Every structure is written in structure tokens, then in C-alpha cells.
Amino acid sequence: PEGQTGALQAIAGTTFGGILLGLVAVGLLAYALWRLALAALDPEGRGTDAEGLVRRAGYLVSGVAYGTLAFTAYRILSGAGASASGGGPDDETATLMSQPFGPWLVGAVGLGVMAYGAYELYRAYTASFMDKLALGGEAAQHRATVRRLGQAGLAARGVVYLVIGGFLVLAARQADPSEARGLDGALAALQGQPYGAVLLGLVGLGLAAYGLYCL
């Protein structure tokens, strides 16, 4: 799998690729700032109980991840990242690992990512996201479809986050940044399991379903 950087490079290589990638970069940066605002300012009123803190920690991790992706898009636009991906999860983990108590910090991030993945699976099981959707009138007939898309998408996201967090915990335990994986590494790990092609196909369909749900 090409991963996020490969996807951005593919956009850059299309007709009007520079314009398209510039728009994507601005959108990613805006989304990163929004996620950081959700974590710091708590406009959704998640609070400071255990569930609220886990949710806000997930926003924080998401904001940093999308901010990094926006910077990668900028590097590709400027020509710095046109031929080499750089800035992979192992590089970022190595930077964090070099700080005081680095392995503990990496382990904490990994556990936080896994907790977020578990929470996504919980949301998929309970379909709690439906509580905030206003599907009245003609839209009511699509409620079951939206529910299925959301559940499939959140379940796929939960699996991917659990795998990524697990690799971070493994990297912290072994003090080896090369054990860290991003999205592409998580998908490759799924593919390497028994019935890996089936697992990877199901997760791929689930992620596509999440995209449709977001739209």
C-alpha cells in the first residue's frame, strides 16, 4: 500500500494536480485545527470524565495526525517531498523516543490510539452516532442506510486504530521506532494475517463506507 503520502503524490500527478493538492492541504490544515479545538476548547461539551477525556485525547491525536499530513502535502507542493515520503511514523516515533521518558511517552500515545479505536468499535456497536442525526421527512427513509454505513465505517476505523496503537506500544516496549506503523503499515499487517485478503477487503469496504457516511 502506498499510504497517505502516496495518495497525496497521486493527486499531485493528476491534471491541475498542484491546485487540487493545494486545496487538499488547506482542507487538511483546517480539519487539524478543528480537531485540536475540539480537544482544547471542548465545544461539544464532552467534559472531563473518563469517556470525555478519552474522546478529547482522540481529537488531539487526530489533530496532530492531520496536521502532519497537511505539512506533507505542503512539502510535496514545494518540491521537498516529491521524490521521498519522509516523515513516516517510525521517524516521528524516533523523535518522540529520543525525549526524556521517550518510550513511556510512545507507549502512552499507543495506548491512547488503541483506546480511541476501542471507542470507535463501541460507537459502531451501539450506533450512538444516530442520536445526533436529524433525519426527518423524506430523509427518514434513508436512516437505515446511514446507520449501516456509519457502523461499517466506525468498525473499520476502530480496527485500524487498534492495529496502529498496538504497533506503537510494541515500539515502546522494544525501544525500536521501526516497529511503528501508519495506515499503510496497519493495512499491510492485516493482509499478512490468515485470510488476510478477506480482512483487508472488509476493512477497505468499511473505510469507503465511512467516507460515504461523512459525505
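The values are calculated or read from the model by the stated rules, or taken from the named source; none is laboratory data. All of these numbers come straight from a predicted model, not from anything done at the bench. We place every Cβ from the backbone using ideal geometry, glycine too, and count neighbours over all the protein chains shown. What goes into the accessible areas is simple: the full protein's heavy atoms, side chains included, and nothing from ligands, DNA or RNA. Shrake-Rupley method; radii C 1.70, N 1.55, O 1.52, S 1.80 Å.
Relative to the present Cα-Cα distance, how much length would full extension add between residue 131 and residue 195 at 0.36 nm per residue of separation?
Values: separation 64, 0.36 × 64 = 23.04 nm, distance 3.52 nm.
Extending this stretch completely gives an extra 19.5 nm.
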Shape category assigned to segment 22-63 from the gyration tensor of Cα positions, a/c cut at 1.5: prolate
Within the chain: Cβ-based charge dipole about Cα centre, in debye rounded to nearest 20 (Lys, Arg +1; Asp, Glu -1): 420
Relative contact order of the chain, pairs being alpha-carbon contacts under 8 Å that are 6 or more residues apart, as %: 22
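From the helices alone, meaning DSSP H stretches of at least four residues, give me the mean residue ellipticity at 222 nm for the chain, per-run term -39500 (n - 2.57), in deg cm²/dmol to the nearest 500. Display every interim value, and only then the final one.
Working: 8 runs with 158 residues, N = 215.
Helix-only estimate at 222 nm: -25500 deg cm²/dmol.
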Span-like helix ranges in the chain, DSSP H, alpha carbon extent 20 angstrom or more, Kyte mean at least 1.6: 17-41, 196-214
Most to least accessible of 129, 101 (protein chains only, probe 1.4 Å): 101, 129
Surface accessible to a 1.4 Å probe, per residue, for the residues of the chain, Å²: 56
Accessible surface of the chain, 1.4 Å probe, proportion on carbon and sulfur as whole %: 66
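What is the extension gain from residue 42 to residue 138, computed as 0.36 nm multiplied by their sequence separation minus the C-alpha to C-alpha distance, in nm to one decimal? Spell out each step's value before the answer.
Numbers: separation 96, 0.36 × 96 = 34.56 nm, distance 3.29 nm.
Taking residue 42 through residue 138 to full extension adds about 31.3 nm, to one decimal.
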Surface accessible to a 1.4 Å probe, residue 138 within the full protein complex, Å²: 150
Most mobile of 168, 149, 202 in a GNM of the chain (Cα contacts under 10 Å): 202
